[in-house]
Amino acid sequence: MVPKYSQHYRADWEKMADFKEWLQPVENDTSKAYCKYCKCEMIAKLSVLRLHISSAKHRKAIEPMKSQKKINFPKVKKDLNTQKAESSLALFVCEHCAIMAVDHLSELCKYRFVDSKYSDIKLHRTKCTNIIKNVLAPHFIQEIVTDLGDQEYSLLIDESTDILVLKMLGVSIRYFSRSLKKIISTFLGLVEIEDGTAVSIVNGIKGLLAEIKINLKKLIGIGTDNASVMTGTNSGVHALLKNATGNDNLVLVRCVCHSLQLAMSHASAETLPRNVEFLIRETYNWFSHSSNRRLFYKNMFQTINGGSVPLTIPQMCNTRWISIEPAVCRILDQWIELKTLFEIARRDEHCYTAEILYNMYNDPQNHLYLLYIRPILQEVQVANKLFESNDVDPTRLYNDLIGLVESIGRRILNPTARVDILTEDIESYLDPKPYMGYAFETKLLEYNLQPNAANYLRQRCNNFTLKLVTELRSRLPVNFKILQKISMFSVQETLKVVKPSIVEIAQEFRVNAPMIEKLVSQWRNIVHIKWESLTSTVKFWNEVMQYKDAADNNPFAELCEFAMSLISLPHSNADVERVFSQMSLVKTKLRNRLAVRTLNAILYVRFGLKRAGKCCYSYTVPDNVLRSIGTKEYYDSGSQPSTSADVDEDEDLNILFP
């Protein structure tokens, strides 16, 4: 007996014009077919399917489908205009406010932050925060990593506390940028640490560098303050980093700005009368909380000086004694007017503070003390600003510091003395009656003090100068001699025919013997080329870096790399202090629970724009970065360093955009 033939469902039927709109297979049963309009099953035979088409049930079920019209949607033009507008708005929020609601930021088109033809674009706060944290911040981080490459670099580190009294470690990086052709010192990250021990600080640094993917082994120098936890020889941060990097010659540079202010504080506290500082502080306090006192003094000053307006007395910072310099200058310039003011105030207001201040202003010795310390304060302030600046020749800074110590020391030394102020004892070479300055000597004659009082005054001023020189010498970096030798890489010293040998400083930085041979040869031959950049050391070495010989090789490549590494060594911690200033501007009382990751993201954008010399409206975000906006990777991104738990995303948004 012949078996009965059984038909199976065929997928080819779905491509036929009569069946393709409604025919489907039945799962796990190849002998059946399914009509999605009638929602019924049938035997999988071609004749049965054709009978189903002609049935009244199928015609009734398919009727509504025939009446539908197809809508031809226009093709969307794929461009990056929307992403450009959104990134520009996010840059603005991040750089200038980071606190406003961004749902109506299309108003910024009026101010040319965004092209007016995109004025209808609105940026929700969730998307703005994601753009800042997951697109812009990683982009600026990658800029640093790419720009640094495989070069050696230095770190500037310091610790502070934020508005919530959380201990934060600030880290900045300093290196030579081949793309920007200058020394870059920029923000690298904020790390929350458990305590201020050296182990916690080193672990924070290592974790940050590992997350950003910067090679710890390329670290050649660190800049710190003078705290023992940073500079300890056995268990300080410097000692632990030497072990971590395997570089026994890791250079430690103590912040010169901190050293200057500590030297001034100790010298003034031990030698000058306490009432000098009291006079400066209370003069500011007299005006600080009273607009009526300010107005009265302004009117009185204008009456005395024919309509001139007085300059405000600045506040003295208790932790930075150098900040006293502008206050001293203002007080001396307005000495007569302030004396008159407190004379009137003690009589009319019966104020005890005014009585004390009037007596102090009426004491010629206080006036003479200020006249003596003013030029010294000005010299120290000039040196302090040089070390705080990023636009100075780093090879000449330590010579300027030596010049400061010698200038102050020569004020009290015998003019004929032949003594090294930096190394020898100078007390046996003191001038018995040194010249104290033109303003001091003139006023001393005018006041006509008793000889004993005048001699006592001179002695205290001499003691102040001697103590200041001693403090400055003791606070010079331990490796000052080596740092001073970096000056040989200035353009003027490098191009001398007769110049010091480079061997000693190369040995100090553990350069191997074959490399020293190359450096010596290149150091000798560099004078034979006619160079063009002779005014700036950084521009000169950048020109050397770009130089090619007939074989298209750079014959000074090793010397240039060595010189740039030394020039990139830090000279102060000013950049880290600027980081903490920005941190205080971003994380305020209104945003006191801002997460570390969000805080870092905002600072990456701010310092990235500053590094590029651009503002939010002039910076061009690369197209490959713009394309990541709105993608899955964009929402899943977590590439920014974060060593503490972030707050919830919704809560973080409310903090960033209340």
task: Exactly one condition in (1) among the aliphatic types (A, V, I, L, M); (2) under 21 Å from Gly608 (Cβ atoms); (3) assigned to a helix (DSSP H, G or I); (4) touching a Lys or Arg at 6+ places or on another chain (Cβ under 8 Å) is not met by Met545; state its number.
output: (2)
query: Which one is nearest to Glu561 (Cα to Cα) among residues in segment 145-165 that are surrounded by 15 or more Cβ atoms within 10 Å (Cβ to Cβ) and aliphatic (A, V, I, L, M)?
result: Leu148
task: Give me the pairs, please: first residue somewhere in segment 459-472 and closer than 14 Å to Leu404 by Cα and open to solvent by less than 10 Å² (accessible area, probe 1.4 Å), second residue anywhere and outside any helix (DSSP H, G or I) and aliphatic (A, V, I, L, M), beta-carbon distance under 9 Å, and either six or more positions apart or on two chains.
output: Thr465/Ile412; Val469/Ile412; Val469/Ile421; Val469/Ile426
- request: Mind listing whichever residues of segment 168-214 are out of contact with any Lys or Arg (no Cβ under 6 Å at 6 or more places or on another chain), open to solvent by 20 Å² or more (accessible area, probe 1.4 Å) and within 21 Å of Phe607 (Cβ to Cβ)?
  value: Arg178, Ser179, Leu180, Lys181, Lys182, Ile183, Glu192, Gly207, Ala210, Glu211, Lys213
- request: May I ask you to verify whether Thr442 is β-branched (Val, Ile, Thr) and either farther than 30 Å from Asn573 by Cβ or open to solvent by 50 Å² or more (accessible area, probe 1.4 Å) (or both)?
  value: yes
task: Residues being assigned to a loop (DSSP other than H, G, I, E, B) and under 27 Å from Leu472 (Cα atoms): count how many of those fall in segment 208-228.
output: 3
task: Sort out which residues of segment 392-403 are outside any helix (DSSP H, G or I), open to solvent by 30 Å² or more (accessible area, probe 1.4 Å) and not charged (D, E, K, R), and write them in order of number.
output: Val392
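What's the total number of residues in segment 164-207 that are aliphatic (A, V, I, L, M) and in a helix (DSSP H, G or I)?
The number of residues fulfilling the criteria is 5.
Okay, residues lined up against (1) open to solvent by 10 Å² or more (accessible area, probe 1.4 Å); (2) closer than 24 Å to Trp286 by Cβ:
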residue	(1), (2)
Cys351	yes, yes
Leu357	no, yes
Asn390	yes, no
Glu406	yes, no
Gly409	no, no
task: Could you tell me which of the residues Ser618, Ser642, Ser572 is in contact with a His (Cβ under 9 Å, 6 or more places away or on another chain) and either modelled with pLDDT of 90 or more or not basic (Lys, Arg) (or both)?
output: Ser572
task: Only one of these is open to solvent by 40 Å² or more (accessible area, probe 1.4 Å) and aliphatic (A, V, I, L, M): Ala551, Ala563. Name it.
output: Ala551
field: Residue that is farthest from the chain's Cα centre (by Cα) [pool: residues in segment 217-246 that are open to solvent by 30 Å² or more (accessible area, probe 1.4 Å) and closer than 26 Å to Phe387 by Cα]
entry: Thr233
- request: Kindly state which helices (runs of 4 or more DSSP H) lie completely within segment 229-316 and contain at least 3 residues that are of a type outside the set (A, V, I, L, M, F, W, C) and closer than 20 Å to Leu569 by Cα.
  value: 237-245
field: Selection status of Thr423, open to solvent by 40 Å² or more (accessible area, probe 1.4 Å) and within 26 Å of Leu444 (Cα to Cα)
entry: no
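The values are calculated or read from the model by the stated rules, or taken from the named source; none is laboratory data. Remember, predicted model here, so these are calculated numbers, not experimental data. In this analysis, Cβ positions are derived from the backbone assuming ideal geometry, glycine residues included, and neighbour counts consider all displayed protein chains. These area figures cover heavy atoms from the full protein model, side chains too; ligands, DNA and RNA do not enter into them. Shrake-Rupley method; radii C 1.70, N 1.55, O 1.52, S 1.80 Å.
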